[in-house]
Amino acid sequence: MYETILRPVLFLFDPERIHEFFVWFGEKLGQFPPSRAAVAFFCDYEHPSLRTRVAGINFKNPIGLGAGFDKDVRLTDIMPAVGFGFIEVGAVTHHPYRGNEGSHLARLPEDRALIVNYGLKNIGAEAILEKLDRLPFRIPVGVNIAKTNHADIKGPRSIEDYAATYRMLGPRFSYAALNVSCPNAQDGCMFQEPHLLDGLLAALAREKKPCPVFLKISSHLTETEADGIIAVVKKYPFVDGFIIGNLSKRRGDLALASPRAALEQIPDGGISGRPIREISTNLIRHFYRATRGRYAIIGLGGVMTAEDAYQKIRAGASLVEIVTGLIYGGPAVVRKINRGLTALLARDGFTTVAEAVGADARGENAARGGAGA
């Protein structure tokens, strides 16, 4: 129903306004037990094979809502009913930011993709902190932390900006994701540079670790760039894993089918969705192999189906996030992915998600009798 009737109607309207409406509507639905129960009846799905434990955290299933959808922690009541195993909110920055000038969101239906240019729009860490006592978390909730997108915050101030939010919000969430890869910030992905990343992690290592910590990186890194990041992270045991990967602005590498006019709606925005699916999966596989599975990996980028999620799990991801897939597939897509994952695990002889993590990277196709995804 969503894909054949509702989505074509919704796609007639401005995407940012539609997103704001659904965040408002989801927030209202989440406030009442009967409406949460009704959503869960249609969307939630549980199976023992989907339960998993990552970085000391228990998850009812490996499918999470990626950062960028719930920027200001408004949907934590309703998303468990939608069927998610976890949620990542934000990105949250120390100071509030109203967003980049111009349009923030555009659709690319031919590519099942979005152009995103919010530039870390959010209400700020202090406003988020004030909300938390009113919000019971029914599933694990992670917080995505980024540097405030202000031109005057640079150098040592950038590091303290990260640290202040980490210090303030980290203890209140299941995990913290250090976002060093937002392509729409004024200074881009500068903290992915190894020497700058080293300075940031050195400063955070002096803080009391509040929760498991992940590093969110770009999806389009070369293997050499990835190895540089791994070399730095190995020096800091407080980092538990990676989130791979963020939006991509390297449009020439994405084989986009959308017409030029569609792409020029937001010329400087990053691309999410199906065009980055294989790029992010390949990078997951590289990180898993290069670190021999030492770090937990959360995979995202172009996940629309159970097969997409399973491919990332077999490449080395212990958990998988979706954002654009929810917009194109609707809320029932979470149930479809979880049901499909259960079938794929059984087909290939795995009794749990954890058994399948990194199977392709370890060359276990034949051993389990499956061809993967």
Q: Among the candidates LEU215, LEU247, single out the residue that is buried (at least 21 other Cβ atoms within 10 Å of the Cβ), at pLDDT below 95 and not basic (Lys, Arg).
A: LEU247
(Q) I need a count of the residues in the range 267-309 that are aromatic (Phe, Trp, Tyr) and surrounded by fewer than 24 Cβ atoms within 10 Å (Cβ to Cβ). (A) 1
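Mind telling me which of the residues LYS312, LYS336 ends up being surrounded by fewer than 20 Cβ atoms within 10 Å (Cβ to Cβ), in a helix (DSSP H, G or I) and in contact with a helix residue (DSSP H, G or I) (Cβ under 7 Å, 6 or more places away or on another chain)? Lay out the reasoning, then the answer.
Numbers: LYS312 fails: surrounded by fewer than 20 Cβ atoms within 10 Å (Cβ to Cβ).
Exactly one residue qualifies, and that residue is LYS336.
For (1) part of a helix (DSSP H, G or I); (2) more than 26 Å from GLY363 (Cα to Cα); (3) within 16 Å of the chain's Cα centre (by Cα), each residue gets a yes or a no:
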| residue | (1), (2), (3) |
| --- | --- |
| ALA257 | no, yes, no |
| PRO267 | no, yes, no |
| SER280 | yes, no, yes |
| ILE284 | yes, no, yes |
| ARG289 | yes, no, no |
| GLY293 | no, no, no |
| MET304 | no, no, yes |
| ASP308 | yes, no, yes |
| ALA317 | no, no, yes |
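How many of the residues making up the range 257-266 are without any contact (Cβ under 8 Å) to a residue 60 or more places away in the chain and either among the charged types (D, E, K, R) or buried (at least 18 other Cβ atoms within 10 Å of the Cβ) (or both)?
At the first step, the residues of the range 257-266 found to be without any contact (Cβ under 8 Å) to a residue 60 or more places away in the chain are 260-261, 264.
Still in the list and also either among the charged types (D, E, K, R) or buried (at least 18 other Cβ atoms within 10 Å of the Cβ) (or both): 260, 264.
Qualifying residue count for the region: 2.
Rundown of residues vs (1) free of Cβ contacts under 8 Å to residues at least 60 places away in the same chain; (2) more than 28 Å from ALA151 (Cα to Cα); (3) crowded, with 22+ Cβ neighbours inside 10 Å; (4) of a type in the set (Gly, Ala, Ser), yes/no style:
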{"position": "VAL82", "(1), (2), (3), (4)": "no, yes, yes, no"}
{"position": "PHE86", "(1), (2), (3), (4)": "no, yes, yes, no"}
{"position": "HIS95", "(1), (2), (3), (4)": "no, no, no, no"}
{"position": "GLY102", "(1), (2), (3), (4)": "no, no, no, yes"}
{"position": "ALA106", "(1), (2), (3), (4)": "no, no, no, yes"}
{"position": "ASN117", "(1), (2), (3), (4)": "no, no, yes, no"}
{"position": "ALA127", "(1), (2), (3), (4)": "yes, no, no, yes"}
Q) Assuming LEU75 fulfils every condition listed in (1) surrounded by fewer than 21 Cβ atoms within 10 Å (Cβ to Cβ); (2) within 25 Å of PRO210 (Cβ to Cβ) apart from one, which condition is it? A) (1)
Q: Being in contact with a strand residue (DSSP E or B) (Cβ under 7 Å, 6 or more places away or on another chain) and aliphatic (A, V, I, L, M) is the filter; apply it to the range 76-101 and report the residue that is nearest to LYS216 (Cα to Cα).
A: ALA91
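Condition test on THR324, is it among the polar types (S, T, N, Q), at pLDDT 95 or above and surrounded by fewer than 17 Cβ atoms within 10 Å (Cβ to Cβ)? Let's see the steps before the verdict.
Values: among the polar types (S, T, N, Q): yes; at pLDDT 95 or above: yes; surrounded by fewer than 17 Cβ atoms within 10 Å (Cβ to Cβ): no.
It is false that THR324 is among the polar types (S, T, N, Q), at pLDDT 95 or above and surrounded by fewer than 17 Cβ atoms within 10 Å (Cβ to Cβ).
The values are calculated or read from the model by the stated rules, or taken from the named source; none is laboratory data. Every value quoted in this text rests on a predicted model; they were computed, and no experiment measured them. Here Cβ is always computed from backbone atoms with ideal geometry, including for glycine, and neighbour counts include all displayed protein chains.
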